[in-house]
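The values are calculated or read from the model by the stated rules, or taken from the named source; none is laboratory data. Small disclaimer: the values here were computed from a predicted structure and weren't measured. A quick note on method: Cβ atoms are made from the backbone with ideal geometry, for glycine too, and the neighbour counts reach across all protein chains shown. Surface accessibility is based on the protein's heavy atoms, side chains included, excluding ligands, DNA and RNA. Shrake-Rupley method; radii C 1.70, N 1.55, O 1.52, S 1.80 Å.
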Amino acid sequence: MCKQKKVCVIGLGYVGLPTATIIASKEFKVNGYDFNSEIVDIINRGDIHIVEPYLKGLVEYVVKNNYLKAYSQPLTSDIYIIAVPTPIDVQKIPDIFYVEKAIDSIIPILKEGDLIL
């Protein structure tokens, strides 16, 4: 039997929170990471900070059942999903600052065989 992989979703906004919640709803242990401690606290109460129909009930469920927990730093996992903003400027060039910061945050905890999406 294969051990279940731990998942870390980096960025708990409009893409990251629904992604983390759906994965957690399949009974995976998901560690969400967001640098904003207020967002971390909201999610750990089983609440949401974004507008997304039907998401609040599912977040309540996965938090209550310990499938999703938010943190202010990434935890060692097997799979890392980077879901941070990539705003574009007036010339339509994406700013990858947040992607680079997300990668920098997990470099110290990466191990051989980890998957980064």
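Checking each residue in the stretch 68-117 for being in contact with a strand residue (DSSP E or B) (Cβ under 6 Å, 6 or more places away or on another chain), over 20 Å from Ile39 (Cβ atoms) and β-branched (Val, Ile, Thr) picks out Ile79, Ile88, Ile116. Restricting attention to the stretch 68-98, the residues that are open to solvent by less than 50 Å² (accessible area, probe 1.4 Å) and more than 20 Å from Leu117 (Cα to Cα) add up to 0.
Name, by its number, the condition in (1) of a type outside the set (S, T, N, Q); (2) crowded, with 19+ Cβ neighbours inside 10 Å; (3) without any contact (Cβ under 8 Å) to a residue 12 or more places away in the chain that does not hold for Ile39. Result: Ile39 fails condition (3) only. Restricted to the stretch 107-117, and to residues there that are open to solvent by 70 Å² or more (accessible area, probe 1.4 Å) and part of a loop (DSSP other than H, G, I, E, B), the residue that is nearest to Ile42 (Cα to Cα) is Leu117.
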